[in-house]
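Shown next, in structure tokens, is the structure this report addresses.
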Amino acid sequence: MNKEQELIRKKSPVNIKNKKASFEYFFIETFTAGIVLTGTEIKSIRMGKASLVDTYCTIMNGEMWVKGMNISPYFYGSYNNHEMKRDRKLLLTRREIQKLASATKQTGYTIVPLLVFIDEKGRAKMDIALCKGKKQYDKRQSLKEQEDRREMDRAMKVWSK
């Protein structure tokens with residue numbers, strides 16, 4: 001990811017993250033995909049009413065789909081509001097889909113959504129990653145590093161006063 005892309009994500013009014021993903025997986029490679037939305041889904045996303053908890057991506061018939069993504073119904077929507085947990089299609093190039101399909105055939109690899117954001121043109125985008133699962137001892141190591149960073153930050157605050 002280059003600096004321009006990072007800047008767009010930081011400026012985005014909406015940043016819905018999958019916080020558990022970095023604890024559960026090692027990220028091998030990341031991709032940015034568009035999301036096919038219907039009706040009031042984009043309005044709910046702009047309000048930040050979406051969740052990436054327990055979501056995953058699959059490839060069916062040469063198309064990438066995200067399953068388990070929760071987008072709450074739009075409060076001001078009418079009787080034709082959207083379904084909360086339907087499967088949503090992701091827009092990637094054929095080459096990227098083929099690359100991900102071949103990688104996920106290996107054991108231990110999966111595709112996980114990381115972030116939903118709004119780009120500069122107002123479209124909803126999703127960052128997905130090809131991941132390899134962490135073992136229990138890797139998770140313990142991650143927690144230890146996190147604790148160490150937190151302690152160092154506290155010590156720096158004390159010294160700066």
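The values are calculated or read from the model by the stated rules, or taken from the named source; none is laboratory data. Note that this is a predicted model, so its numbers are computed, not measured. Cβ atoms come from the backbone with ideal geometry, glycine included; neighbour counts cover every protein chain shown. Accessible surface is based on the protein model in full, side chains and every heavy atom, while ligands, DNA and RNA are left aside. Shrake-Rupley method; radii C 1.70, N 1.55, O 1.52, S 1.80 Å.
I want to check the label-to-label distance for K139 and N15. Put each point 7 Å from Cα in the C-beta direction and report it in nm to one decimal.
2.6 nm
Per 0.36 nm of contour for each residue apart, how much would the distance between S160 and I59 grow if the chain were fully extended, relative to their Cα-Cα spacing?
Net length gain for the segment: 31.2 nm.
Counting only protein chains, not ligands or nucleic acids, how are T32, T107 ordered by accessible area (probe 1.4 Å), most first?
T107, T32
Once ligands and nucleic acids are excluded and a 1.4 Å probe is used, how much of R86 is accessible, expressed in Å² to the nearest 10?
60 Å²
Return one number: the angle in degrees, 0 to 90 and rounded to the nearest 10, between the long axis of the Cα atoms of helix 136-160 and the longest principal axis of the Cα atoms of the chain.
Value to nearest ten degrees: 60.
Take M156, M60, M69 and sort them by solvent-accessible surface of the protein heavy atoms, 1.4 Å probe, largest at the top.
Numbers: M156 130, M60 75, M69 0 Å².
Descending order: M156, M60, M69.
Give the Rg (one decimal place) followed by the Dmax (whole number) of the chain, computed from C-alpha coordinates and expressed in Å.
Looking at the chain, its Cα Rg and Dmax stand at 18.0, 60 Å.
Net charge near T58, counting Lys/Arg +1 and Asp/Glu -1 over other residues with Cβ under 13 Å of its Cβ?
My count for the surroundings of T58 gives +2.
Given the pairs K105/K135; K105/K134; K11/K43; K11/K139, which are separated by over 28 angstrom at their Cα positions?
Beyond 28 Å between Cα atoms: K11/K139.
Which order do peptides 137-149, 118-130 fall in by mean Cβ count within 10 Å, highest first?
Per-residue mean Cβ counts within 10 Å order the peptides as 118-130, 137-149.
Hey, what number do you get for the chain at 222 nm if only DSSP H runs of n ≥ 4 count, each worth -39500 (n - 2.57), divided across all residues, to the nearest 500?
-10500 deg cm²/dmol
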